[in-house]
C-alpha cells in the first residue's frame, strides 16, 4: 500500500495544515505557514475564530455523550491531529463510546494509527474517504463494524461545510444522515461572513488564491441545513454562543465567522 505521506503536496497549502498551523500545531509546511500568515494579516481574529470552532466541537460532543446518551459518533472533517480529539472528549464521559473518523487528508491518515488511542472499553477507526462520496463512508468496513444502526449516532460535520459548494450541499448532508436511525443527532458548523463581511471576505479571497475555494452562508441558509430536524437550544448560533462555558467570556461577535447547531433527527 502506498505510504500516505507520499500523497502530501508540500508545495501547495492545504486547509487542514493551515488550520493546524494557526492553532499552534506542528503538522504543516512552509507553504501552509505563508498561507496562514497571509490570512491572519487579512483578519487578525482568525486564530480566535478557529479555536472557538474547535471548542464548539468539544462542547457538542460532550453534550451528546453526557446529556443525550449518545455512544457512537461519526466525525466528518476530523481536525486530527490537533488534541483533544472527539474520541478523547466523548470517551472521557463514556469510555465505551465508538468513534469513526472520516477525512481525506493524507496528514491525518499518516497520523491516524498513533492518534486513535481509544479507551479499552471503546473503539475508534479512521476512514480515508471524501465527504462528497457518502457511499464510500457508509459502505466501508469501519463504518459497518463500529456503528450499530439500531442505535442513535452523533454525526459531527465540523469546520468543513464552507469547502462544500452548492449545488448539492444540502443533499450531501441528507445522504449522510439518511442511514442513521431516528434519534440520531447532527452537530455542524457553517462558515459565515455575517459579522465581519469585509475581513472574512478577504480571507475567503486568500483561500481562493491558495486554490481552496469556499462558500460563506448567511443565517437563513445555515438554518436550512436543519430543515425537518428538531434543533437543540439555542438553535443556530455563532459557535461561541452555543451553550458557552466561562472561558468563552470576552469573545467578540465580529471575531467569529462560524455558525453552529445541534439537531435531532425525527
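Some notes on this structure:
- A full extension of the chain between residue 118 and residue 68 corresponds to an added length of 15.9 nm, given 0.36 nm per residue minus the alpha carbon distance.
- Under 15 Å from the residue 182 label point (7 Å along Cα→beta-carbon), backbone N, the range 139-173: 150-153
- Distance between the pseudo-spin-label points of residue 139 and residue 223 (7 Å out from Cα toward the beta carbon): 3.8 nm.
- Here the label points at residue 30 and residue 198, each 7 Å from Cα along the C-beta direction, are separated by 3.4 nm in the simple model.
- Between 211, 53, 104, the Gaussian network model of the chain with springs among Cα atoms under 10 angstrom shows the greatest mean-square fluctuation at 211.
- Its relative contact order, with pairs defined as Cα atoms under 8 Å and 6+ residues apart, puts the range 159-266 at 38 percent.
- Gain in span if fully extended, residue 42 to residue 58, counting 0.36 nm per residue against the direct Cα distance: 3.0 nm
- Just checking the listed ones, 61, 159, 25: in the Gaussian network model of the chain with Cα springs under 10 Å, the one fluctuating most is 25.
- Projected label points at residue 83 and residue 23, each 7 Å from Cα along the beta carbon direction, are separated by 1.3 nanometres.
- Cα pair distances exceeding 14 angstrom across the range 136-212, given as percent: 71
- Projected-area mean, the chain, by convex hull of Cα positions, square nanometres: 13.3
- The range 93-240: radius of gyration and largest Cα-Cα distance (Dmax), Å: 16.7, 48
- Each Cα pair under 8 Å and six or more residues apart adds its separation to the average, and for the chain the resulting relative contact order is 19 percent.
Taken together, the values in this text are just the output of simple stated rules run on the coordinates, not laboratory data. A quick note: this is a predicted structure, and the numbers were derived from the prediction, not measured. Here Cβ is always computed from backbone atoms with ideal geometry, including for glycine, and neighbour counts include all displayed protein chains.
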